[in-house]
Amino acid sequence: MHLVNKVSMTSREIRQQFLDFFKSKDHKIVPGSPVIPFEDPTLLFINAGMNQFKDVFLGTGTREYTRAADTQKCIRVSGKHNDLEEVGHDTYHHTLFEMLGNWSFGDYYKEEAITWAWELLTEVWKLPKERLWATVYKTDDEALELWKTKTDINPAHILRFAEKDNFWEMGETGPCGPCSEIHINLSDDIENPSLVNAGLQECIEIWNLVFIQYNRTPDGVLHELPSKHVDTGMGFERICAVLQQKPSNYDTDVFMPLINAIAALAGVPYDTEDNRIPMRVIADHIRTLSFAITDGALPGNEGRGYVLRRILRRAARYGRKINLKEPFLSKLCPILADTMGDVFPEIKQKLAYVQKIIHFEEESFNRTLDRGIELFDGIVKEMEKSGSKTVSGADAFKLYDTFGFPFDLTSVMAREQNLMVDEDAFTALMQQQKERAREATREKLTSINIQATNLDGFTLTEEQPTRFTGYVELASQAKIVGHKKEQLTDFVILDQTPFYVEAGGQVDDTGVLLLGETKLEVADVVKIDNKTVHVVKNENEITLAPGLELTAQVNREHRWDIMRNHSATHFLHAALRKIVGTHVQQAGSAVTPEHLRFDFSHFTKLSEQEITDVECMINEELRKNIPLQHHREIPFEDAKKMGALMFFGDKYGDKVNVVQFGSFSTEFCGGTHVNNSSEIGLIKIVSESSIASGVRRIEAVTGKGVEEFLNSQLLKHKSSEAKIQELLEQKKKLEKEIAEFSFKEKLAALQTISATPEMLNGIPVYKGIISATDMDEIKRFGDELRNSFKSGIGLLASEIEGKVGLVCVVSDDLIKEKKLNAGKIVGDVAKILGGGGGGRPHLATAGAKDVSRMANALAELNTILAVYLV
């Protein structure tokens, strides 16, 4: 229908005119956000332009501006906002669409929102006023009156509707409020109010003005927000169709380049509904896939990954309807990049990456698609014989379980033949499968005392949760506050404990409970009702009871090996995201004393170069001696501001723990970690493999595990002298690096010594006991100490292989002015310990036998120096 007597505008011009209009109204033009809401785990995808301003609406965040406008790519394929089934079959629904929006954050409200919308539509774009309708919420008299008095819309074209149509909510919870929608009637019956909100493509909504004044909490209650806001959203593709006078969104210049490319690939024209519907679906779905993957999502088996896999498989199956049997979807990505890359440059930047993932997924599904279609056709033939019109839940489940057909794909195929699918039976079978999986998991998790699953039979003297002290100490004085005995096993609850209970992939601590000289082995620890139950082997039947005080002591070596590996998983995750891509997301982990296992989302095998680059990046960071910052029990919003990694489906409380290693890695984590990166030593990736479609696994070792790995490699390759020599050189290099890490750790003690000198006759004297491996290392400590002060005398002592190592240093000014000599000083100290030595005036070392008097010798240093300083 001819609406506007002017030259049709391109989609680029329409988008730009919208932004320019609101810029003239003092709005800041801001960039849209990625379609993957990494900072909001309550959402699968960005489904509205307001998502990035959710914190402002809730009053938990601010912006430097109070008016904004943008274009936001949105995906609606699940939950309350789900347009999947209509896509391609009608002319105006899409899984991905652009939303043109303008916002007020406590600035203007209903009057300006309504009058400016009317101005843009009727004065700038010249839409015929007689075809426009406005709807308001049933009780919103204010909006109704503003439409009547502030615009020249036909008052008969203002209608009231209830919650379903005119109360906007982002999801089950969050900011919400009444809205006023603007519809355009493109039919010949332009005065018929029954066409509005009737779901007809002849009369469609083009703009929604939302007046956000509430926040809905999980209990369903609406709470007034501290400030009132405006959030508007215009369907870009719809307004393009109107202004370009096209009968369908798909006929605009937004979609036609893609549709023309699809028609060329298929060798069929875009002329009949049998061809148009598949082409529309494919054009829509490739947009969703490209933008979602560009912004960090990946096809998978859960959450947003499964949504993308369903969409890709729907598109591939619709391709079969126009004879596209070989993988073709990735060939459309360059067309999309050409048509939209100027507005969204990221799809050009990641084009090759997106093509690779889409091709891999489509190729994988193609192996079973034809067999699944053949099975479905067989099911239909059997149904025709019996006269049934409903595909059974069992058949739908078989298509899903065996051939990877999502339920909605089976539903589409059934609907095309005027059949239904028994969704309830399918859902029941899916639930049974999940229950079988959970039961199998439970069977694997049986422990030595399966009875310890609740507190029945315990004698309890306190109800408080067990306080965990294991972040700061490995041995704690504790009191028994709960106890149960079964044969030779005691179940002990303490008021506090350093024992970590398996969680987040980190295994349990091991250790003992000490009662005087008696050691009781802790065989297991479990968490019940926020209390840590220590499962104690008590073969000698030592009496344990509430009120008894003891020491809970964790196996130090076991814990340190675990902490090295746990901290290393954080460095590994960060390095993978930096080198492989930000789509990488942890999909599971296991942290034991022996090794670490890290599962992550990625579509293909890592190359040898990628593995090498990841390993090198991590080891480079470890050498930087980055200190741990473990933010415990901080507000969730503070963690978000820190940039802690969040993923959809993860549950976060009001208080969270965040583990941070400098700017390299920041993640939610409640596990235990090393104090600084150098304590990890080195990391060595020992394997990389696939464990499921779209999920890879890396296994690695750290610290002494690297040495053990290299030793095992030596044994495996002992027949090859060249290989052995190479490994020996590598081992030597690694040992040197490990020694360097160890030396850096020990420097912390030296810093304390250099910061607290004693004064003798106005001269600073630095002395103390350190931990050196050999005389070369104690000499290095001497160099470090001498470099730390301008003037003074230093003496360091260390036990080395059962003897005493000494180093003395003297600054140049004291050598010159006081004639002090480090060799003489250290020789005199060594004599006290039954040894001797000497050396240069500025640095000298000595050795001695009497370790027991090492501290006394340091104390007598001042007496020796007093002689030299007379």
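The values are calculated or read from the model by the stated rules, or taken from the named source; none is laboratory data. Since we're looking at a predicted model, the values are computed, not measured. Reconstructed Cβ throughout: ideal geometry from the backbone, glycine too, with neighbour counts over all protein chains shown. Only protein heavy atoms, including side chains, enter the accessible area calculation; ligands, DNA and RNA are left aside. Shrake-Rupley method; radii C 1.70, N 1.55, O 1.52, S 1.80 Å.
Numbers below:
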read-out	value
Lysine pairs within segment 606-675, Cα separation less than 23 Å, 8 or more sequence positions apart or different chains	4
Listed residue (S601, I579, Q553) projecting farthest to the positive dipole end of segment 541-627, Cβ model	I579
Sites E163 and K733, calculated FRET efficiency, Cβ-Cβ separation with R0 45 Å, nearest 0.05	0.05
Theoretical FRET efficiency, 1/(1+(r/R0)^6), r = Cβ-Cβ of D783 and M430, R0 56 Å, to 0.05	0.25
Residue-level accessible surface for F38, protein heavy atoms, 1.4 Å, Å²	60 Å²
Angle in degrees between helix 721-755 and the longest Cα principal axis of the chain, rounded to the nearest 10	80 degrees
Principal-axis tilt of helix 608-622 within the chain, Cα atoms, nearest 10 degrees	50 degrees
Alpha-carbon centroids, segment 285-339 and segment 132-161: separation in whole Å	41 Å
Selected from P841, A316, H89, residue furthest toward positive end of dipole (the chain; charges at beta carbon)	P841
Net length gained if the chain between L715 and T10 were fully extended (0.36 nm per residue, minus Cα distance)	246.8 nm
Anchor K605: lysines whose Cα lies under 27 Å away (excluding residues fewer than 8 positions away in-chain)	K325, K331, K348, K350, K356, K578, K684, K716, K723
For segment 573-642 versus segment 98-121, the gap between their alpha-carbon centres in whole angstrom	43 Å
Accessible area (Å², 1.4 Å probe, nearest 10) - H631	50 Å²
Projected label distance in nm at A352 and R415, using a 7 Å step from Cα toward the beta-carbon	4.0 nm
Rounded percent of accessible protein surface that carbon and sulfur make up, the chain, 1.4 Å probe	49 percent
Cross-link partners of K479 among lysines (Cα-Cα below 25 Å; sequence separation of 8 or more within a chain)	K519, K527, K531, K537
Spin-label pair R623/M759, simplified geometry with 7 Å Cα→Cβ offset, distance in nm	4.2 nm
Charge context of E191, other residues only, Cβ under 12 angstrom, K/R +1, D/E -1	-2
J(HN,Hα) series, segment 856-867, from Karplus relation 6.51 cos²θ - 1.76 cosθ + 1.60, nearest Hz, glycine and proline x	5, 5, 5, 5, 8, 4, 4, 5, 5, 5, 4, 5
Probe 1.4 Å, accessible area per residue of the chain, Å²	45 Å²
Calculated [θ] (222 nm, deg cm²/dmol) that DSSP helices of n ≥ 4 give over the chain, each run adding -39,500 (n - 2.57)	-12000 deg cm²/dmol
Accessible area (Å², 1.4 Å probe, nearest 10) - E667	20 Å²
Candidate residues E361, E191: accessible-area rank, largest first, probe 1.4 Å	E191, E361
Interchain or long-range residues, amide H under 5 Å from K28's placed H	R67, A68, A69
Highest-first arrangement of 297-305, 733-741, where packing means the average Cβ count within 10 Å	297-305, 733-741
Within segment 668-689: backbone nitrogen closer than 18 Å to the K655 label point (7 Å, Cα to C-beta)	668-672
Folded to 0 to 90 degrees: helix 393-403 orientation relative to the chain principal axis, Cα	60 degrees
Among I14, A772, I46 - extreme Cα towards positive end, dipole of the chain, charges at beta-carbon	A772
Candidate residues W116, W147: accessible-area rank, largest first, probe 1.4 Å	W116, W147
Whichever lysines have a C-alpha closer than 24 Å to that of K25, once near sequence neighbours (fewer than 8 apart) are set aside	K54, K73, K110, K126, K129, K148, K150, K228
Efficiency of FRET from Cβ geometry, A156 and S248, R₀ 25 Å, rounded to 0.05	0.30
Gain upon complete extension [A394, E633; 0.36 nm per residue less C-alpha separation]	81.3 nm
Computed lengthening from Q725 to R371, 0.36 nm per intervening residue step minus Cα-Cα distance	122.0 nm
Nitroxide proxy distance, nm - points 7 Å out along Cα→Cβ at E473 and K816	5.1 nm
Dipole moment magnitude, nearest 20 debye, the chain about Cα centre, only Lys, Arg, Asp, Glu C-beta charged	2360 debye
